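Participant: Below are the structure tokens for one structure; questions will follow.
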Amino acid sequence: FQHDNRLTISGGRSWSHVGLQYVGSLEGTHSASSSSLQRSAGLTVTQSIRGVSLFETFQATSVSAATGTAQQRQFSLGASRAMLGGAAAYQFTRSASNGGGGGVGDGIAQTFSYRRAVGRKLDAQLSQTFQSSNDNGAPSTLAQTTVSLVRRLSSVLSLQVSGEVFRQTGLGAGHGSGIQASIVGPFGFGAHPTTGRANPNLPAVVRGVVT
């Protein structure tokens, strides 16, 4: 038998140009052979200053068990604003972790993106990501460029096509490219298929099943 206990506390507060959100949780698992306790906390602050949207987020998680304790911490900050008829954004993330077996790691990621509407039903986005990490003394870097196009077929259905190229050094070094296409729309989740038209003007019936 296994017994689980969970406790979550969350909330937030907003003022004219500042917002605050927080969450904290405890999760304990007990069985005849093992037990563990996971603690998680997160805090996000948002600001709006002269057309620039800012956010800062701090997250921390730790898991304690008979074999030891593992911890992970992450800090992110970002900014976005309207520019040249679209929206430009920047995000910086720093993370650190250590495991009960002595493993340690840290990493830094930076992402630049620009999104703009092209016509009435097409959106285009260009993003550039740079990552560097060090896991147990093994450094690696990753540079990735992604271009995405989103075509709105209706108010609830859209077609998304994206292509990317990347280059990685260090652990798992290599380079490559890829392309993806997906349809985003209302799907039902469950054991039975879902059929219907969320919008009677849709050109086709959307069917979906998840098992």
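The values are calculated or read from the model by the stated rules, or taken from the named source; none is laboratory data. Owing to the predicted nature of the structure, the values given are computational and were not obtained by experimental measurement. FYI the Cβ positions are ideal-geometry reconstructions off the backbone, even for glycines, and counts take in every protein chain you see. These accessible areas exclude ligands, DNA and RNA; they are computed on the full protein's heavy atoms, side chains included. Shrake-Rupley method; radii C 1.70, N 1.55, O 1.52, S 1.80 Å.
Participant: Read through the labelled values (i) 20.6, 77; (ii) 20.2, 66; (iii) 22.0, 62 and report the label of the one computed as Rg and Dmax of the Cα atoms in Å from the structure.
Facilitator: (iii)
Participant: When only the heavy atoms of the protein chains count and the probe is 1.4 Å, how do ASP106, ASP123 rank by accessible area, highest first?
Facilitator: In descending accessible area the options line up as ASP106, ASP123.
Participant: Also, I was wondering about something else. Which FRET efficiency value, to the nearest 0.05, is calculated for PHE1 and ALA41 with the Förster distance at 41 angstrom and r the Cβ-Cβ distance?
Facilitator: 0.90
Participant: Counting residues in the stretch 43-99 as N, plug N into 2.2 N^0.38 Å and put the Cα Rg over that result.
Facilitator: Here the answer is 1.61, to two decimals.
Participant: Give the relative contact order (percent, whole number) for the stretch 1-59; include only Cα pairs under 8 Å separated by 6+ residues.
Facilitator: 29
Participant: Would you mind calculating the gained length between LEU126 and ALA181 on full extension (0.36 nm times residue separation, minus the Cα-Cα distance), in nm to one decimal?
Facilitator: 18.2 nm
Participant: A further question on this structure: Taking a probe of 1.4 angstrom, what is the accessible area of LEU37 in Å², to the nearest 10?
Facilitator: About 70 Å², ignoring ligands and nucleic acids.
Participant: Something else about it: So for ILE179, ILE49, what's the accessible-area order with a 1.4 Å probe, most first?
Facilitator: Greatest to least solvent exposure: ILE179, ILE49.
Participant: Can you give the translational diffusion coefficient of the stretch 1-98 in µm²/s, computed by Stokes-Einstein from the Kirkwood radius over Cα pairs at 25 °C and 0.890 mPa s?
Facilitator: 154
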